[in-house]
Each structure stands twice: as C-alpha cells, then as structure tokens.
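Undergrad: Take a look at this one; I'll ask things after.
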Amino acid sequence: MTPTSNRTLNFIDEFTLSEKTNLNISIISLRDLDDFKIEPSNTPDLVMIPIYQYNDITQILEQEELKNVKTAIILPNLHMKDTIRLYELDIDGYFVKNMSLNEIISGIRFVHEGYIYVYPELAKDLYEEFLNLSYTLQSRPEGLLTKREWDVLLEISRGNNNEMIARNLEISDKTVKNHVTTVLRKLHVNDRTNAMLLAYRKGWI
C-alpha cells in the first residue's frame, strides 16, 4: 500500500515501513500536524509522530483528524522527562527514536493487531520513574487479585519474563503461566503490557 508521501525520521522512512508491513504508515512532524488531513480513500493504518517533550502531546490530542486513526508517538530518548505521564494518554504506540528497523516493524504490527505497543526498554524506565512516585499509590481493590497474583503483576511491571518471575517468586514456570493468565483475565486485558499500564494508571503497584 503506497503512503501519501515520503516523509522520514532519521533512517525511518514511511515508504519503507509501509512496504515492509504492507500497511499505510504516515510519519508526521509536529510542524506539519496542523495541516494534516486524512483522505477517506487513503486512510493511514498508523500515524507516527515524533515528540520532544511532554507538552507536545497536547497538540496531538487536539487534532480531530487523529480521533479515528491509530496513533503512535516517537520519543527522543528513553529518559525523557515526565515519561510516566505519557501512559495516561490514549495512544496506541510508544516508540523511541533509536529503535532498529526490525523493532519498529514488530511494534507497528503489534499496534495493528489491536494492542498497545510499548518499547521494552521504556517499561524499565517507567518502572524506575514509578518508584520515585510510589507515595501516590492507591488502595488495591479488595478481592480483585490474590496476594500471589499481585506479586506476579508487580514482576510483570518490572519487565520480567516467566522464567525470571518463577525464580524471583520461587515457583514453577507452569504456576507462573497460570497466574499470568488469571491476572490478564481478571483485569480484562489482552496482554502483559496492557496489564502493566492499567496497574500504573490505577496506582496499584
């Protein structure tokens, strides 16, 4: 599918991304955002917008043209100020400027399948920032999860895989898989990333 133009971001070329994913990908700068129009006959599958600070997000959220299209932001680095606040927003993907082409393609496909994509290294940065804000923790809903399930959710938020969770909690891999499945079901989310984001937004972990 051919994109509307050949805008680029560093080495990231929207034509290449469209060709590699077989999707219509548009990369829009903040400078061009006010003039951005979606043609009904050529609606992007994903609009990617580089931002440079948290306040840039306001311009994106105010754009009516983006209300009905999947939107991702590209952060300048992993340690942007106010990173944690970005996860309160209705954004479909969180990418970073220095990601490899394969990582970007994988993230785009993840978004296209209906999930929220977060670059894995951002999850670690998010957790570190969260620790600094831990005094804002809210009460966990009584009866939502068991104590062990809360422990598993905390491990998930740290970016740990099942093997690491099993080792840290001293339980078997099979038990971890069962707990993860139960946590996702109880939180009504489809994957670990969305479980983590929900927990952060609610202040549960």
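Undergrad: Quick one: of K70/K174; K37/K97; K37/K202; K67/K186, which pairs are farther than 31 Å apart, Cα to Cα?
TA: Checking Cα-Cα distances, K70/K174; K37/K202 exceed 31 Å.
Undergrad: What order do Y115, Y52 take when sorted by accessible area (1.4 Å probe), most exposed first?
TA: The most accessible residue leads, giving Y52, Y115.
Undergrad: In debye, nearest 20, what is the charge dipole magnitude of region 161-205 about its Cα centre with +1 on Lys and Arg Cβ and -1 on Asp and Glu Cβ, if you could check?
TA: For region 161-205, the charge dipole is close to 220 debye.
Undergrad: For H112, H188, give the ranking by accessible area with the largest first, probe 1.4 Å.
TA: H188, H112
The values are calculated or read from the model by the stated rules, or taken from the named source; none is laboratory data. From a predicted model like this one, the values you see are computed outputs, not experimental measurements. A quick note on method: Cβ atoms are made from the backbone with ideal geometry, for glycine too, and the neighbour counts reach across all protein chains shown. Ligands, DNA and RNA are stripped out before the accessible areas are found, and what is left, the full protein with its side chains, is counted by its heavy atoms. Shrake-Rupley method; radii C 1.70, N 1.55, O 1.52, S 1.80 Å.
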